[in-house]
1. Multiplying the sequence separation of W162 and E247 by 0.36 nm and subtracting their Cα-Cα distance, what value in nm do you get?
2. Among residues other than F159 whose Cβ falls under 14 Å from its Cβ, what is the net charge (Lys/Arg +1, Asp/Glu -1)?
3. Which net charge results when you count Lys and Arg as +1 and Asp and Glu as -1 among the other residues whose beta-carbon is under 15 Å from that of A68?
4. Take each of the peptides 331-342, 376-387, average the number of other beta-carbon atoms within 10 Å over its residues, and list them starting from the highest.
5. Scan the stretch 294-378 for trypsin sites (Lys or Arg not before Pro) in coil per DSSP, keeping those whose Cβ has at most 15 other Cβ atoms within 10 Å, and list them by number.
6. Determine, for each peptide in 57-70, 34-47, the mean count of other beta carbons within 10 angstrom over its residues, then list the peptides with the highest first.
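Quick note: the coordinates plus some simple rules give every number you see, no bench work behind them. Because the structure is predicted, anything quoted here is derived from the model rather than measured. Reconstructed Cβ throughout: ideal geometry from the backbone, glycine too, with neighbour counts over all protein chains shown.
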Amino acid sequence: MTASAPTHLDSARGWVTASGAAIVVMAGFGTIYSFTAFANAMAEEFDTGLGPISIVFGITVFLYFGSALVSGRMYDRFGIAPLIVAGGLLFVGGLLATSQVTVLWHGYVLFGFGLGFGGGLFNAPLFALTAMWFAKYRAIAQGIVATGSGLGTMIYIPFAQWLLRTYDWRVGMRWLAVIAAVILVFGLLVIRQPPAMEMGDPRRHLSLVVRTSTFWQMGSSGVLFTIAVIGTIGLLIPFAINDGVPEIAAGLLGFTVGLSSIVGRLALTSLARPLGSVRLLKIAFAGLPVAYAIWFVTTRVGTLETKYGLLVAFAALLGVSYGGYVALLGDVTAHLFGLAGIGTLVGRFFFFAGTGALIGPPLLGFTRDVSGGITMPIVMVGVIALAGVFVLMPMTRHPLALPTYVGPPGSPPPPQSRPLVPAPAAQRPAPMVEAGSNGQRPERLVAAMAHPRSAALRDAPPQVFWPVADDGEPDGTGAVPPVTVADVARSN
């Protein structure tokens, strides 16, 4: 008999969960990115340049993304609720403790570990969790979750500036801690773990994924992307102020990045089905070098009005590229590599992003301090972004033909090339599966094939089987999900 798609996919419960995840992501990103509003005030109080202060932001974002290497595995094992509780306690506690520091390096530990590692415990798992709730509308749902980071940038940076003007940076962090605590409790109430689905052997699948060139193309380009983007976001306001832009107008640039990133997330994910998520991911990345070219032009403009107009255009394009890339990353991961062990896999890509985030802000901050201007940092991040485009562009748009691939229910299997070594007899599927009562044609099960150039895959017996029509071509109706060895055994 044929298998039916799980009933929780694309359900109302899934949309509620995605919306709750977006609000929690907003609190995480927004609170961390609000640091850019406090940077100059902290530099003055601790009598340092922007370089040492930017290390705090770099460590924080590195751990926020990089801790996903741990949190992804923990999510696959324990689910989301324990991660929100443990991460939330560290996140709120780190904010409160940082508001009391009298020595800068204490901020490296308290703000960096508390907000970075604590927030990272729930950030990447929320993206993996959302992917498991959706099939047809996964890209849009991922875009909604990713919109949280855009809302955080758009709302929190101007709010942090208001707190700085009204109180000081210490009191501002305490207010942000209270707000984060309320939002995290709300997240616990509305975010739900999806029902378990048969995903095959995730550990074996991941061991094959990391041997592919596609994995390393995504990972290395992610490092270059976050060096440029996170470095820019972390220092955009102080750079603009140092370039003669009034403080309030500089804060509005952060608002522009956040607003345009929401536009990028929603617009690009809505086009994912007709145009393909991988193609759109490449387009989003390609916008970065163009944005940095506009930023470079602002350094050659004399009048403040023209300069600021170009800065707004730069911030808007930066936001669209950044928002689209982040929103599409989860869908691209599921499309190319499947759903087996997706929490761990998303965590690895977030770790790559965290590595770039650790490098970017200090690199730009110290370059600014040494060069005495912002031209050199702009040229540097522009070249880095262009290098990332060249790394990502050759990447395949098709699912990898791994023998352990488990695709989203209803999706077509990876392109077949040549058979693997025959599986043991106990694992071979029956040649025919009787059609169900829905009147569909009888189907036979065919093992997923490996890429012919991948010697590492040829000795691995198939673990996943796909229903195909009588003509030998994959059934494109979207009605039948992948069928596993366990399914075949049950049907017999």
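1. On the way: separation 85, 0.36 × 85 = 30.60 nm, distance 1.12 nm.
Result for the pair: 29.5 nm of gain on full extension.
2. Working: positive: R165, R174; negative: none.
Around F159, the surrounding residues sum to +2.
3. On the way: positive: R73, R77, R348; negative: D76.
Neighbour charge sum, excluding A68 itself: +2.
4. Details: 331-342: 26.0, 376-387: 19.9.
Descending mean neighbour count gives 331-342, 376-387.
5. Numbers: sites: R300, K307, R348, R368; in loops: R300.
Counting only loop positions with at most 15 other Cβ atoms within 10 Å, the trypsin sites (Lys or Arg not before Pro) in the stretch 294-378 are R300.
6. Details: 57-70: 26.3, 34-47: 19.6.
Ranked by mean Cβ neighbours within 10 Å, highest first: 57-70, 34-47.
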